[in-house]
Amino acid sequence: GARVIVYDVLFLEPRRGDALFKNTLLDTQSKVVFGSKLENTNYNFSHLASSSGTLVSSALVNVIPDTDGIVRKYPPSFLYKDLCVSSLAKSAFDIFTFLKSNTCVGKEEKSFRYPSNINMYSLVDVLSGKISPEKIKGKVA
C-alpha cells in the first residue's frame, strides 16, 4: 500500500463509524497523518490520532496567507508552548523520505509552487479495487 496516508480533514469530534474507519486504516500498515490545528491558545488534534501508537499521528494544517489571501509560504513547523509541532506537509514528507528533523523551524517558511499535475484517486475506487494498488504503492496518499 501507500507509504503514508494524509488526511487534511479535521476529525475533531467523534462520530459513528470512526472506529471502523481507523481500524481499516491501521489494517493497511501505512503510516497515517491526520490534520490538526492551532486556534488561539488551543492545540486541537484529531481524536483518531490520540493514543494510537506509531502508525497514526496528527500534524498541523494551519496556513498563513499573504495580505491578498493567497498562501505562498508554508511554515514547516509551529512552536506551541514548549512543543514543536510539525505541519501536515512536513510530517508527510518526513515519513515518506524517512527523514526526521528534531528542530523547530517555524521561522523558516518554505516557498512553494503548486504542481501542474497531481494524480488523484477516489478512496472508494481504491478500496473497491477499481484502482490498482500498484498506482499508489510507495506514494503519498
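Rule-based calculations on the coordinates, nothing more; no lab input. Everything numeric in this text was worked out from a predicted model, so none of it was measured.
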Over 20 Å between Cα atoms, which of Lys31/Lys130; Lys37/Lys90; Lys90/Lys135; Lys31/Lys135 qualify? Lys31/Lys130; Lys90/Lys135
What are the ³J(HN,Hα) couplings of segment 32-41, residue after residue, when phi is run through the Karplus curve with 6.51, -1.76, 1.60 and θ = phi - 60°? Round to Hz, x for glycine and proline. 10, 10, 9, x, 9, 8, 9, 9, 6, 10
